[in-house]
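The structure under discussion appears below in the form of structure tokens.
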Amino acid sequence: MKKIGILFGQENTFPQAFVDRVNQKAVEGITAEFVRIEEVEQAVASDYAIIIDRISQDVPFYRAFLKNAALTGTAVINNPFWWSADEKFFNNALAVQLGVPVPKTLLLPSKARPDDTNENSFRNLAMFDWHKAFEKIGFPAFMKPHAGGGWKSVYKVDNPDEAWRAYDETGQLVMLYQEAVDFEDYFRCYCLGGKDVLIMPYEPRNAPHQRYQTEMKTRGEAGDKLLATIKDYTLRLCQGLGYDFNTVEFAVRGGVPIAIDFGNPAPDADLNSVGPENFEWVVEHAAKLAIERAQAQKPGQDNLTWGTFVQKSARQTAISSADGTVEVGAFVHETNDLGTNPPKVVKKAPAPKKAAGPAPVAPGGEVPKSAKKAPAPKVGALAPAKAKKSAAKKS
């Protein structure tokens, strides 16, 4: 029997509906339940063939548990390794390479220094030029964390003073400074399994429980073309990132869908916010996806989804390193802090004696002037020799 588990936190409607739907399908050899964690031991497999992750972004213990489970054969949706590395600024840069339009965006250094750093930790960082940023991005603009979600620490600014006041409140957060898109249509799209897409008209300016209560403005042939483009862009992004369960948001400006937010691997799926029709779609497709992955899951192997970006990089690295050599360093005997496990003293074999050769003869004659040593530089003068490399200070 292969078990499908769902790991979740404060949400209520989706987890129970998901488990019920999988079990209602009564697929032979497949069952679903809420994940139960009792003990996590390194390299020991979990009881689950599949885990749907809805909470590890908020609970580091769960993220570590999921990585261990994935390493030992569980297919975790979404990939916890990629989710740990992913962030919005990289997503935007990847979208550009995938041919998906995104807003103009700059990365801002954090207002406050990270812990355990000082001014020397930033010797490579030039002074940020706000006026150039304002010229490039314009107003209105948004300032938001480069790795965040849930509309936390998001600011809309209309002039330099508002931008500076917002920045002063961000502390150690690394922020994005991004153009605001004046849109005529807005959409939120579920994408499951990198193939099934549900496009939902969405109004982000409404209250959360009313954001799905809107209609598409673009009609006719233009509307059909717009929906086809949005589906294409959604698939490009989710396949490139490798997310099995994601939402992608588009603001439509001048008929062009611009990807605004597309790294949501634990997206809202609550009945009370998305509405009954959208809720039914996501429950059904999530159940089908989990069952398909459970049937394909191979115990003890890598059953994760990796995006095309990572797959391409891995292939290139494998090819370039195929003919490389591996060098093994000298053995180091580790001891504990108390010195109760001292290293064994190994006596070196005496070096073989060199055969005696003829006695050296001192050269005769005078030393040529060109061979005389140059005078040593005075104290404080710049020596012509290469400067010694100093150890880089850890920040």
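Some values worked out for this structure:
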read-out	value
Shape call, segment 130-216: gyration tensor on alpha carbons, a/c limit 1.5	prolate
Gain on full stretching of the segment that runs from ASP58 to SER313 - 0.36 nm per residue minus C-alpha separation	88.9 nm
Sum of side-chain charges, ASP244 neighbourhood, beta-carbon under 13 Å (Lys, Arg +1; Asp, Glu -1)	+1
For segment 183-193, Karplus couplings with θ = phi - 60° (6.51, -1.76, 1.60), whole Hz, Gly/Pro x	10, 9, 9, 9, 9, 10, 10, 7, 9, 10, x
Reachable aspartates and glutamates, given that their alpha-carbon falls under 16 Å from the alpha-carbon of LYS136 and they are not under 8 places away in the same chain	ASP158, GLU179
Rounded percent of accessible protein surface that carbon and sulfur make up, segment 256-303, 1.4 Å probe	50
Under-5 Å amide H pairs with ASP261, H placed in peptide plane, nonlocal only	GLU249
Size of electric dipole in segment 31-74: Cβ of Lys, Arg +1 and of Asp, Glu -1, about Cα centre, debye, nearest 20	180
Violating pairs (Cα-Cα greater than 26 angstrom) within the set LYS67/LYS88; LYS2/LYS88; LYS67/LYS288; LYS2/LYS195	LYS2/LYS88
Whether segment 80-190 is rounded, prolate or oblate, judged on the alpha carbon gyration tensor where a/c under 1.5 counts as rounded	oblate
Amide H within-cut-off set for ASP185, under 5 Å, with H built and near neighbours excluded	VAL252
Phi to ³J(HN,Hα) by Karplus 6.51 cos²θ - 1.76 cosθ + 1.60 over segment 251-263, Hz, x for Gly, Pro	9, 9, 10, x, x, 9, x, 10, 6, 9, 8, 9, x
Relative pair counts by distance (%), Cα atoms of segment 247-299, 5 Å bins	4, 16, 15, 19, 18, 14, 8, 4, 2, 0
Qualifying GluC sites (Glu not before Pro) in segment 1-102, DSSP loop, other Cβ atoms within 10 Å at most 12	GLU28, GLU38, GLU39, GLU41
Cα-projected label distance for THR117 with PHE331, points at 7 Å along beta-carbon direction, nm	4.2
Segment 192-229: trypsin sites (Lys or Arg not before Pro) in DSSP coil with no more than 10 other Cβ atoms inside 10 Å	ARG205, ARG219
Global form of segment 1-43, assessed from the alpha-carbon gyration tensor, a/c cut-off 1.5	oblate
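The values are calculated or read from the model by the stated rules, or taken from the named source; none is laboratory data. Bear in mind that the values here come from a model prediction, so they are computed numbers and not experimental data. Because the Cβ atoms are built from the backbone with ideal geometry, glycine has one as well, and the counts that use them run over all protein chains shown. To get the accessible areas, we keep the full protein, side chains included, count just its heavy atoms, and leave off ligands, DNA and RNA. Shrake-Rupley method; radii C 1.70, N 1.55, O 1.52, S 1.80 Å.
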